[in-house]
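Take a look at the structure below.
The values are calculated or read from the model by the stated rules, or taken from the named source; none is laboratory data. Here the structure is a predicted model, which is why all the values come from computation and not from measurement. Reconstructed Cβ throughout: ideal geometry from the backbone, glycine too, with neighbour counts over all protein chains shown.
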Amino acid sequence: MKLIRIHCHTETGERISACNLEIHPDLLAAYQEMGIIEVLEESISYEDLRRLHRMLRLKKNTGVNTVGASIIVDLLDKIETLQDEIDRLRRK
């Protein structure tokens, strides 16, 4: 399978057409079946795109499998959320 190229410049909250991502539809379907992303009307959310991009980078750079990359991205998102909460509480 070819490398997947993802380029997208959009506002948070917008949905991106899956056709513009140069990702094989079967791969998107597999990620959707695994619960990694949600494809609605042949488009994915900006958040899912960001998540997918981070996962693919992890897979390429570290050699972890898809499930491992998904878990790592989930944990990184939780760490970021907790760090934001800590920063917010410190400012009070």
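Points to keep in mind about this one:
- In segment 62-78, the qualifying residues are those that are part of a helix (DSSP H, G or I) and among the polar types (S, T, N, Q), and the one that is surrounded by the most Cβ atoms within 10 Å (Cβ to Cβ) is 70.
- Where residue 25 falls short, out of the listed (1) surrounded by 13 or more Cβ atoms within 10 Å (Cβ to Cβ); (2) at pLDDT below 85: (1)
- Count of residues meeting criterion [in contact (Cβ under 8 Å) with a residue 40 or more places away in the chain and either in a loop (DSSP other than H, G, I, E, B) or over 15 Å from residue 30 (Cα atoms) (or both)] in segment 50-59: 1
- Scanning segment 30-44 for residues that are under 17 Å from residue 70 (Cα atoms) and either in contact with a helix residue (DSSP H, G or I) (Cβ under 6 Å, 6 or more places away or on another chain) or surrounded by 12 or more Cβ atoms within 10 Å (Cβ to Cβ) (or both) gives 30, 31, 32, 36, 37, 38, 39, 44.
- Condition met for residue 72 (over 16 Å from the mean Cα position of the chain (by Cα), β-branched (Val, Ile, Thr) and at pLDDT 90 or above): no
- Listed by first and then second residue, the pairs linking a residue in segment 65-92 that is touching a residue at least 24 places away in the same chain (Cβ under 8 Å) to a residue that is basic (Lys, Arg), with Cβ atoms under 7 Å apart and 6 or more places separating them unless they lie on different chains, are 66/59.
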